[in-house]
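Enquirer: Here it is, the structure, as structure tokens.
A short reminder: the numbers here are calculations on the coordinates, not readings from a lab. Keep in mind that what you see is a predicted model, and the values were worked out from it rather than measured.
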């Protein structure tokens, strides 16, 4: 990166050679070439690169020391990166003042002293001041844009690799356009008018006819205009391209990407604002994903969309309660890490069919799980989907092992009126459901022990089924303190596929 920057600064030699070469060709004063080349290489080459190296030093020191650079080193590099084009322009302008003053005042472009003496001293002084100021402005302008191009790539690299970003400010681009208009349009036009009027005899002393003067000024103006057009166009297209590519990545779900801030104007402000938006989106996605691991995903999504906790709600819901048969005996024969691995694999496997059927897992109770259908997410087919989830759970548990252990799940399903809401303290809440329907589902799950079954469904749920199921009446249950008897149904393993 340092070499690229120094090469950009040294390219000022080539620009000066092009302008002077056109003068030599038009005027035929070949004898000025050796002296011109010597001054060109000394000032625009050696001295220019030496000064540019000093300007670049804070950035080089940071890159050499990153990522262990001190905070002060990082801050110095950030400031220098932000002001690099302007500092380089100032250095190029001051150096060009000296170089152009020596070239114009030292006789490089006026090899015939007799012709020079014919021009009034005051006019020669004004011409020297004007030519020096104009071409120094051209050179400084060129340095600003060519270094600006290098700085864009440098800023993008340091932003991506080290998180080093400049601080853009509004209303910069408008000032840049004003300078572009002044240097690329007004200055060449003014120069041409002065050359064909007041400085006409000065140009004659340089060995140029009126035609030669117009041709030389048009070439210089055209060169400045083309360079300006290229660099301004590039400064417009690159930030827009970077922003478009990053927007596409964010739209594709990559929320960790950021737009490199490569300009200090409105485009940089736009990139900075987009990055802040992307950071907020990434933060919200992280919160949503993390939130969804501790509360039911449907509940998390509802809270995130409404920005408020869910209000308590009473509704008819189907409750699925499941636990592991002989869990205590199984756990006693395993190490604690083995038990955790087994439970995690088991829960992951049985949660999938529950969520695929629209259910919401509300609680983990040791080896047991409590899931609801139709609350908090409404679903008219909640009874059918609860049974479908139970059949999938039974099939999944039967066909695989968990942490190397074969398990058997017991499931109880009941439908009834429940109250759902957030319960807990002000700083810690848990979304859960309450009611006799929940207690009955848990009781039905336990009754599987009495019948040697693994899936029992209450008559409340059976009455809500919209799809035909191969139900077989198993027995009855009565909750303590209740007079109503609940009939229980099962779906034998061999008949489970008939429901599909």
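Enquirer: Let me know the Kirkwood hydrodynamic radius for segment 109-254, please, with Cα pairs as the basis and the value in Å to one decimal.
Expert: Numbers: mean 1/r = 0.0544 Å⁻¹.
After inverting the pairwise mean of 1/r, the radius is 18.4 Å.
Enquirer: Then there is this: Over segment 310-499, what is the mean sequence separation of C-alpha contacts under 8 Å (at least six apart), divided by residue count, expressed as relative contact order in percent? Numbers along the way, then the final one.
Expert: On the way: 358 pairs, mean separation 44.4, N = 190.
Relative contact order for segment 310-499 comes out at 23 percent.
Enquirer: Just from the alpha-carbon atoms, what are the Rg and Dmax of the chain in angstroms?
Expert: Both quantities, over Cα of the chain: 40.5, 129 Å.
Enquirer: After finding the eigenvalues of the alpha carbon gyration tensor for segment 1-109, what semi-axes result from the square roots of 5 times each, listed largest first in whole Å?
Expert: Details: eigenvalues 255, 28, 19 Å².
Working through the eigenvalues yields semi-axes of 36, 12, 10 Å.
Enquirer: Per residue Cα convex hull volume for segment 105-189, in cubic angstrom? Don't skip to the end; give the middle numbers.
Expert: Numbers: hull volume 11.4 nm³, N = 85.
Taking the convex hull of the Cα positions in segment 105-189, it is 134 Å³ per residue.
Enquirer: Report, in degrees rounded to the nearest 10, the 0 to 90 angle that the Cα long axis of helix 336-356 makes with the longest principal axis of the chain.
Expert: 90 degrees
Enquirer: For segment 18-109, calculate the relative contact order in percent as a whole number, restricting contacts to Cα pairs under 8 Å that are 6 or more residues apart. If you can, show how the numbers build up before the last one.
Expert: Values: 42 pairs, mean separation 33.3, N = 92.
Taking the mean separation of contacting Cα pairs over the length of segment 18-109, I get 36 percent.
Enquirer: Rounded to whole Å, give me the distance from the Cα center of segment 1-64 to that of segment 152-175.
Expert: If we compute the Cα centre of each part, the gap is 26 Å.
Enquirer: Two decimals, Cα atoms only, Kirkwood Rh: what is Rg/Rh over segment 310-499? Working shown, then result.
Expert: Numbers: Rg = 16.2 Å, Rh = 16.9 Å.
In segment 310-499, Rg relative to Rh is 0.96.
Enquirer: Hey, could you get me the Stokes-Einstein D for segment 2-271, Kirkwood radius over alpha-carbon pairs, 4 °C and 1.567 mPa s, rounded to whole µm² s⁻¹?
Expert: On the way: Rh = 20.4 Å.
Value of D from the Cα-based Kirkwood radius: 64 µm²/s.
Enquirer: Another question about this same structure. Using alpha carbons only, how many degrees (0 to 90, rounded to 10) separate the axis of helix 172-181 from the longest principal axis of the chain?
Expert: Long axis of 172-181 versus the principal axis of the chain: about 30 degrees.
Enquirer: Percent relative contact order of the chain, based on C-alpha pairs within less than 8 angstrom and at least six residues apart?
Expert: Values: 683 pairs, mean separation 52.0, N = 500.
Dividing the mean separation by the residue count of the chain yields 10 percent.
Enquirer: So, one more: To the nearest 10 degrees, how steeply does helix 12-27 sit against the main Cα axis of the chain, on a 0 to 90 scale?
Expert: Taking Cα atoms only, the helix is inclined about 40 degrees.
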